[in-house]
Every structure is written in structure tokens, then in C-alpha cells.
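First comes the structure, then the notes that go with it.
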């Protein structure tokens, strides 16, 4: 025995201290993801295992965790020198009596040695582990060893260290864990798969109670604390706190590696956490309809910043593909593409929300054969205005519109607003493209609707502050974008399909559109206010069909919760409902206006035609009068010889529509514009 002890210490002396322990603390290279205010969202080890981790100094771990870990793993931790002979003898006797391995003799120090430098699972490997444990004890204090262990031990798949585990399972720092919670987490490193809080909570609960028994027997807790801890239910608050935005940070990880150890994201931490909870709460009652997954993205319209990014309800839900990222997955978007089809028809064909469209049996000959679209309710509605066709999401008028403007033009427009996953030729999609016959990402769909919110100006989304904010480029005319947006805000326009009171009726103005793909596989609701755009997908990552779930019953409740949360504290913007312009062909998106050395009326254009919507108050229908001038003096705008407005250059004045023919003239600084003649029906 003495020879064995001498040999062990000699081997320890010849064993180098593992590199990860030489620095005396920390993980070495790691990447820290910050929210938009500079707070840590998540810290990820930059080595080959890529686990989620957040180093916590021992003084911040708290006594509850320290006592629970020692009681669970190594009751003689303070007494041995890395190897515990008493534990070895006790384990050997237990194993001989049972004729199988029922007890181990690993100390905390030996387990730390195994974590930082894995040894083979044989006798030689065990001896090497023991030698390294003694070497660690010779180099580090007991507190340093305990700190290293609790920060390096695996607690679950992809979760390393007490900091990440405490945040992930209980949404609090380790210092704030109760005795029962500390014992629960101390149960996990023994076997993260066997003792799984998400899959085998009964095993964890039984082991927790054994650890509490040991803590009481060791005098770590008194009888009252013991009784209270034993009675405490196992209640998790998963997926919150320091494990924020796991799908987004996963997506950013490969690009971030090698470019510094800090990544400043645009994520609003509080909004992110709230939507993570809302996503779980929304999916729970839909489980009986075979709905297991959902995703949400929230975008700041002005900058394109991503404020919240929820890829799935639970990142650790392997049974339902929780690590899949629904924000970036390609899915059929259903009716969510219709607004862009109608916007293009407004520009190319002069349509307005008052344009009457046929909702009758339609037969089209396409490269793939005859095609006859059907409405969601399996009925035709005769002649309908574009407002009702879009508001109620009728399919036939949308396909008719796509066919009229041309599928190639529709495809170009969809790509212009950022839907570049539609990468096949126009003939591949056909006019059914208007109904979502293609695949897009929720990320891109949010960007497309944010384009509508900006009046037709597209900006790429950005998730990190290192990305330069784009100035944007115009891809739709401001007028068509505003007309489409007005229809999407119109509650009355969707009554026929969605009922008078539905989940999209909010206390502030929201432009929204739902969509459902073929076979009920994908469910969408996308919309915006002046401030934010929200896009929601609901479905299953395995592609299985939901049961009788539409956009209004599946994705819309989560959309409502998300946009309500995103708008909290923001000013309640009320939109001016503008008139419906029929523009000449020169008013297409992307046509830049040259500067002039005289006063020029930029909007409306000479010969433009407007239509007053009979179903909306005339007092709420107006058009902007926009004037360009080479001087900085105030601009006077006259309509039919009467002063209508006096504004600073560049400011728009909204003139209420009045039926008839009208002449508009602008004057400033001795300059007078050419007259613009318009007609209002």
C-alpha cells in the first residue's frame, strides 16, 4: 500500500497541470453575446465543444450550491488530497457484495481531471485520472478546485457550468437558488442524460431528496430548512435569462468565431424573454391540434434592427426538433404574399383598393397544365373590390391579379422586397405564386413587410451592431405601399372572412395579414405598426399537418401577444388614411426624381386620377402635396386658386379629396410651378 501511495505521488509530480487550469480561472477563449444595452445574453465556449457557459466566481455561486455539490459528489472533499482511500474501500466492498458496480469513488477533484483532460475508461485511465487529481490538489486550493468544477461540469446537453444551468433551468443566478433548487442542479453532473430534468424529472427528484438527506446529516442545513426543501415542488423556468436568443446566437456563432470575443446584438433582452414565454404559452393549448412549434421575429422599422428572435418554443425540446430554427427555415408562405401582388397591380395597371375584381371560376393555362384556383371557403363571391379581396384573403382575385401583371413581374417584385429564396424561374411557380407556391424564410418575410411599413423602402435586417445600418432603397412606390397598408389596417375589410371581433382587433392601428400553406402545414401572421414589424410562424418542424388550424387561430394569437409587447411604452400612432391614386406608368418604383432649378410639384402628377372610397369617411381620405424647390423659403400651395397650405420645403401637406377636376400650383421665392391637373371620382 505504501508503495502504491509513493507511486501515485511520483506519477502526480510527473503529470503536468492541464492547460485549462493553468490560467487559474475562466474557460479560456469564449464568445460573449450582448443585448442592445450591453448586458450578457449568452456566453459560448469558443473551443471545439461549443457549449453554453457563463463563468461564475465561487463567491457568487452561493453556499447552497457549494454545499449541495459537496454533499452530492464528495462528502470528504475538504479532507482528502484528490484521491479518497476511504471512498475507494467503501466502493470496492459495495461492488463486491452486489457483484456489479453500484458505487464509484471519484472525488470532485478526479471529476474535474476527467472534464479538463478525459482519460480512457479502463484501469490505466483511472490511475492516470487519480495521478492528475493529486497534481491538481498540489497546485490549486480547495476553493479554486470547487470553482473550477462547478463551472466546468456538464449539466445538460450543451449546457456547461452552474451559471448557464441556473439561468437555463431556473431563470436566476446561482446565488439566488433555494436549497432545493441547488440540490436539484447538483443532481445533474453525475449523469446529464440519465438525470435529465426535461425527460426524467422523477429520477432527478429522487436524487435531489437523497442529496438533501446528506446535507441534513452533514449539518449543512437545519431540520426546518430540510423539511421546507423536501416539500418544495420541482418547478422550472426554462429557456430564459442568460441563455437568451439561443437560435440567433447559434446562427451568429460561426461568423463570430475568430472576429473577437464580444458580439453586440440588436436584441431587446426584456422583449426576447417575454416572447420566449409567450411562444411556449401559445403552443401549449394547440398541442391537441398537432401543433408543436412556433417562431417569432420582431423588427424595428426605422433601422431594420432585430429586436426579438425566437426560433422555437424550447431550444432543448429534442422530441419536437427544438434546436431547429423556424426563423430561418424555408416554408410555404400561403397568402402572406398577396399584398405585394396587389401593390404591383396598383403600379402597373392603375388599380386602387376600389378596383372591382372578378371572384368567379377561373381557368388558366400554365406551362405545367390547366390551373383553376379555389377560395379558402370553397365559394365564389362574384365581383368584389380589391379592398375586400385582400382583406378577406380571397384566392381567385389574387391569382387573377398575378396573371394580369405577369408572374415574372410578381417574382421580380418579391425578390426586390427581400424574398430571394424564390430562386426558380417564373414558369416553375406560375400564377399560384400569389398563393405562396414557393418557399420563404420568416426572416425575409419580416423584412418584406417592414418595407411596406416604410412606404416601399427596403432595408436588410441586421442582428448585430457591427453591421452597417442600410440607408435603404425604394422598391415600391410610396402610394402603392400606402394603399396596400391601408387595406391591411382596415378591420371592416376582413369581416366577411374573420368575423366582426377577432384576435387581430388591437387597441392601436395594426396592418396585418394571415396565411396558411397547403395541407395546413404552415401558419403565418405578419404585420406592422409605424414602429415595429412582427412575423410569426406556427407548425411542426417535421412537416406534419396541423388539424384545423388557420392563420387566425394558430399564428394570430402569438402575433397579437408579440406586437402588443413590442408596442408597450411606444406612442399610439394614428395613421392618416390617404386617397387612392391611379398613377401614370412613369410613377413606377425605383424611378428617381431629378433636381430642378424651379418649383416642381412632385406629387401628385399631372393627369393623376383619384377615387374616393364610398365606404370610408371622406374626411379621412387625403393625398400628400409634395413640392421640390431650390430655395429655403416657405412654399405656398394653391388648389383651384385658393391657398391650401403653406409649408417648409420638403414637408408634405395632406389635402382632403373632393370630387371633381382640380388645378394645383405652388409658389415660393419668386418661383411658380407648372400647374398640375388631377381628377377625383
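The values are calculated or read from the model by the stated rules, or taken from the named source; none is laboratory data. It should be emphasised that the depicted structure is a prediction, and the values quoted were computed from it without experimental measurement. Because the Cβ atoms are built from the backbone with ideal geometry, glycine has one as well, and the counts that use them run over all protein chains shown.
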Has segment 292-306 got at least one residue that is over 28 Å from residue 569 (Cα atoms), over 16 Å from the mean Cα position of the chain (by Cα) and either modelled with pLDDT of 90 or more or part of a strand (DSSP E or B) (or both)? yes
Of the criteria (1) surrounded by fewer than 24 Cβ atoms within 10 Å (Cβ to Cβ); (2) closer than 20 Å to residue 552 by Cα; (3) at pLDDT below 95; (4) touching a strand residue (DSSP E or B) at 6+ places or on another chain (Cβ under 9 Å), which one residue 332 fails: (3)
Residues that are in contact with a helix residue (DSSP H, G or I) (Cβ under 6 Å, 6 or more places away or on another chain) and outside any strand (DSSP E or B), drawn from segment 307-332: 311, 313, 315, 325, 327, 328
Filtering segment 335-373 down to residues that are touching a residue at least 40 places away in the same chain (Cβ under 8 Å), over 18 Å from residue 384 (Cα atoms) and out of contact with any strand residue (DSSP E or B) (no Cβ under 7 Å at 6 or more places or on another chain) yields 337, 340, 344, 347, 348, 366, 367, 368
Out of all the residues in segment 43-51, is one or more touching a strand residue (DSSP E or B) at 6+ places or on another chain (Cβ under 8 Å), surrounded by fewer than 12 Cβ atoms within 10 Å (Cβ to Cβ) and modelled with pLDDT under 90? yes
Of the residues 510, 538, which is buried (at least 24 other Cβ atoms within 10 Å of the Cβ) and within 22 Å of residue 448 (Cβ to Cβ)? 538
Residues (under 16 Å from the mean Cα position of the chain (by Cα) and part of a strand (DSSP E or B)) located in segment 440-465: 440, 441, 462, 464
Specify which of the listed residues (185, 197, 212, 177) is modelled with pLDDT under 95 and in contact with a helix residue (DSSP H, G or I) (Cβ under 6 Å, 6 or more places away or on another chain). 197
Looking at this structure, is residue 437 surrounded by fewer than 21 Cβ atoms within 10 Å (Cβ to Cβ) and either touching a helix residue (DSSP H, G or I) at 6+ places or on another chain (Cβ under 9 Å) or part of a helix (DSSP H, G or I) (or both)? yes
Could you check segment 171-195 and list, in sequence order, the residues that are under 21 Å from residue 323 (Cβ atoms) and under 29 Å from the mean Cα position of the chain (by Cα)? 171, 192, 193
Out of (1) at pLDDT below 80; (2) out of contact with any helix residue (DSSP H, G or I) (no Cβ under 6 Å at 6 or more places or on another chain), what's the single condition that is false for residue 164? (1)
Over segment 354-383, the set of residues under 19 Å from residue 340 (Cβ atoms) and over 34 Å from the mean Cα position of the chain (by Cα) is 355, 357
Determine, yes or no, whether residue 466 is in contact with a helix residue (DSSP H, G or I) (Cβ under 6 Å, 6 or more places away or on another chain) and at pLDDT below 95. no
Please go through segment 146-161 and give me each residue that is surrounded by fewer than 22 Cβ atoms within 10 Å (Cβ to Cβ) and outside any strand (DSSP E or B), ordered by number. 157, 158
